[in-house]
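Any read-out appearing in this document is the output of simple, stated calculations on the displayed coordinates, not a laboratory observation. Bear in mind the structure is a predicted one, so any value in this text is a computation, not a measurement. Here the Cβ is made from the backbone with ideal geometry for all residues, glycine too, and neighbour counts use every protein chain on show.
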Ligand SMILES: [Zn+2]
């Protein structure tokens, strides 16, 4: 039985090796912290954040522990966004994505090669939980744009806060128009405040946009805005590739997104309604976008009516800021049009200096609503048409 | 609160208009004009109206496929689940007298027809950079503006004609040449 003995000793060796490997992986875990403290000791992960309070920047930083943020899309921007919020001690994160981590993502931040193949939400949740166990993390691994998942997405947004109500803010970190429009539809319906974010496909511009249904333009109010990258279209080669990406641009956009999220949630500074980034010129246009009264989304129009019916509180400080011209240099040949003059039909694709609409739309009727379509009972039924299509 | 709006005199909407006109070539224009336009603006969340829209989708698709057959340019078949939310079928491309066939699939997004369906050829996923994850084809810069300008008149048939058709014509010969895809004799020819 020499072989049995040999095998036994080999097993013993392997067990020791395994134990060693296991101990390597077992990273030191920090215990949960019940109360944020401003005590400056090396074991307190919140001391520098709570210092914001001592310095008078934020009135009540601990409030962040009660807040819930949904992050839709956990890719180059969303993962970094989630990490920043986790490190800031956000109460709860709700993550949505249906993608897997791939080695092709490694030019971006956050995910690591050993996570390839895992679902992005699961991989992210694990890392985030290790960084800060105080944050509650909920994950949803599905595509929000399909009919089956969309209702669940809406329900989740409206019931997943720590108080079982609507989340405090939705952050869109998706990479496609369809998903942005799905979030827009949901948030208009639910009257949910959200931030849109994006990086251009050539990786050298990006933006964030704060959408307060009824108060600021929704994502569907106008064609998407693009920050002009100052690249001659003829020299921009798209052959052979869909999109480029840079960790820098994505990190900057995530930074803008979370900075404005914090300002809004913790009530300090001014929250930008639109903040663009042109990496080629290091140019950062900001502006306020008013909703389109003829927006295609009927919930957007409903929210606008509700907002107009509400009494406004106007702060004096805002007025002072708004009276100063936004751009000293007139590099783009801008002419200012004062909004107090009667509104002119805006046919220009250029919204602001360095920002334009991706495309223009034909003029639409003032009220696109009731398009009463005759239910064609005379023609073939849907089943007949389906059968006909199959038999061609 | 007084707001300022800024206008630039340089990049007017006219430029985008011109670009669009140039980018749709004559043959695509001809193909497009022969596909019936749709009129019901309804998505899969709009219960009864969606049925109307689906009927229009099928009518347009049937007409388009019949036209293709009539002009000896038959290149796809599609069918859907009974809710019309998930579509699947085949498309093929003739190259040097050989037929290269691929599975096609896509979901109808909740925001349809404001947003176009994202057509996918799953078996080519990872084989070309002109695709997004899941084998969704990468459309030209011109597709989205054109689609947006024609909501709700464009339907699935238009997405096939403007999106997948041109994509196959550019990408398949390239993929064959690179040896990424090769001819499979399916014995059905
Ligand atoms: Zn709107």
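A few remarks follow.
- Cα centroid separation, the range A:69-87 to the range B:128-145: 25 Å.
- Shielding of B:57-63 by partner chains, average beta-carbon count, 10 Å: 4
- Taken residue by residue and averaged, Cβ atoms of other chains lying within 10 Å of the Cβ of B:43-53 number 2.
- Number of partner chain Cβ atoms within 10 Å, mean per residue of A:107-119: 0
- Peptides A:291-298, B:106-113, A:381-388 ordered by average Cβ neighbours within 10 Å, highest first: B:106-113, A:291-298, A:381-388
- Contact order, relative form, for the range B:2-178: 20 percent (alpha carbon pairs under 8 Å, 6 or more residues apart, mean separation divided by residue count).
- Cα-based values for the range B:102-189, radius of gyration first and Dmax second, are 14.1, 43 Å.
- Peptides B:47-56, B:123-132 ordered by packing proxy, namely the average of other Cβ atoms within 10 Å per residue, highest first: B:47-56, B:123-132.
- With a Förster radius of 41 Å applied to the C-beta separation of residue A:155 and residue A:41, the computed FRET efficiency comes to 0.45.
- Largest-first principal axis extents of the Cα set of the range A:17-138 (Å): 45, 38, 24
- From least to most packed, judged by other beta carbons within 10 angstrom and beginning with the fewest, B:142, A:152, B:158 follow the order A:152, B:142, B:158.
- Span from the the range A:99-158 Cα centroid across to the the range A:271-303 one, whole angstrom: 27
- Only Cα sites of the range B:2-178 enter the Debye sum here, all with the same form factor; the resulting log10 I(q)/I(0) across q = 0.09 1/Å is -0.35, listed in q order.
- Relative contact order for the range A:186-313, counting Cα pairs under 8 Å that sit 6 or more residues apart, in percent: 34
- With contacts taken as Cα pairs under 8 Å and at least 6 residues apart, the range A:61-303 reaches a relative contact order of 20 percent.
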